[in-house]
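Read through the structure below, which is laid out as structure tokens, and then see the notes.
Since every read-out is calculated from the coordinates, none of them should be taken as a lab result. Owing to the predicted nature of the structure, the values given are computational and were not obtained by experimental measurement. All Cβ positions, glycine included, derive from the backbone under ideal geometry; neighbour counts span all protein chains shown.
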Amino acid sequence: MKTVFSPVQLAHDPKHEISDGMLKPAVEIPSRAEIVRARILETGFGDVLPPDEFGLEPIARVHAGDYIAFLEGFWTRWTNAGRSGEAFPFVWPVRELRTKPVPDHIDGLLGRYSFDAGTPLGEETWVAARASADTALTAARLVAGGDRAAFALCRPPGHHAHADFYGGYCFLNNAAIAAQYLRDAGADRVAVLDVDYHHGNGTQAIFYDRADVLFLSLHADPIEEFPYFLGHADETGEGAGEGFNANFPLALGTDWPAFSRALDAALERVAEFSPDTLVVSLGLDTYERDPISKFRLKSEEFLALGARLEKAGLPTVFVMEGGYAVDALGVNCVNVLSGFEG
Ligand code: SP5
Ligand code: ZN
């Protein structure tokens, strides 16, 4: 299968994140994408193509206009406010506070359009996030055009980004943008299966009231893991979307046997839904040595994950999400893709 990747995605190069109550070295870093690309080339897995430019229209099918304008204009406003270096929010419109009117002040804007303080926003974030969305869109176009599968080597990742706020290292929801693109290109039903260690809160929220996009997520139980406030098993969709959202929260320490049982259950739901296309939010942070995560998948087991996804028998768009054990990320990611190819 083809891989899509743009070096523009490397421009987002954060130095720090706020985690464990302090400024720590950032983990969502450019070398993540570089090591995956290197592994694809070294194993001769397939061609690596640059993305096409889709403009803002397919992004605006998923994200709010004011949020897109915020991201686009952020760096100018930040520097005009006399700030430099990467930005972090520290105040949010939770519960009784108001989301409207949107504040003029840069710190109010940051809080309005984010949900965590763990996601550095810098000068090059917007250009890299757009390239990452173009990467997902190009992979979706390949599959819409008849390729059995394609791999979008996205970075920054996307699945934590909601329609109008960022967080969890994510700014534009690449998988959601790809799923909506597939719908607009003629697919009647699209399933998004998220196998990242963390719940795909953004993707869930974007499609929560819709019956045309089934969202399923396997992840660490939010009662004890980020994003904490979404991802429980009783979230099944609302309105027309009732029954079209499925969460599989798993215990910390989950290994491949337990993970693969949940995967089988999720894929059974996918089969009942009978989608035209499958989008896989491919996080590799379920790996046993991931520095921020607590599942126990081994490198060879990612081959089995890919093989199991192939058995669904669907045209498949792989969209990279998390995975922070950089040394092993290339092997683990390409193991999923080559397990799929068999
Ligand atoms: C795309 C994705 O995987 N985003 C994950 C965002 C997680 N952000 C919170 C990280 C908290 C890390 N806590 C580290 C504990 C080990 N010292
Ligand atoms: Zn993750």
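Structure notes:
- Test: residue in the stretch 41-60 that is part of a helix (DSSP H, G or I) and in contact with a Ser or Thr (Cβ under 8 Å, 6 or more places away or on another chain): no
- Here the condition is being within 11 Å of A191 (Cα to Cα) and not aliphatic (A, V, I, L, M); of D290, D276, it holds for D276 alone.
- Within the stretch 298-307, restricting attention to residues that are surrounded by 18 or more Cβ atoms within 10 Å (Cβ to Cβ) and more than 19 Å from the chain's Cα centre (by Cα), the residue that is nearest to ligand 1 (Cβ to nearest atom) is E301.
- G158 in contact with a Leu (Cβ under 8 Å, 6 or more places away or on another chain) and within 16 Å of ligand 2 (Cβ to nearest atom): yes
- For L252, the criteria (1) under 19 Å from the mean Cα position of the chain (by Cα); (2) within 16 Å of ligand 1 (Cβ to nearest atom) hold in every case but one, which is (1).
- Residue match in the stretch 154-175 (condition: surrounded by fewer than 24 Cβ atoms within 10 Å (Cβ to Cβ) and within 11 Å of ligand 1 (Cβ to nearest atom)): yes
- Residue that is nearest to ligand 2 (Cβ to nearest atom) [pool: residues in the stretch 192-221 that are charged (D, E, K, R) and within 15 Å of A161 (Cβ to Cβ)]: D196
- Residue satisfying all of: in the stretch 1-48; among the acidic types (D, E) and at negative phi; nearest to ligand 2 (Cβ to nearest atom) among these: E28
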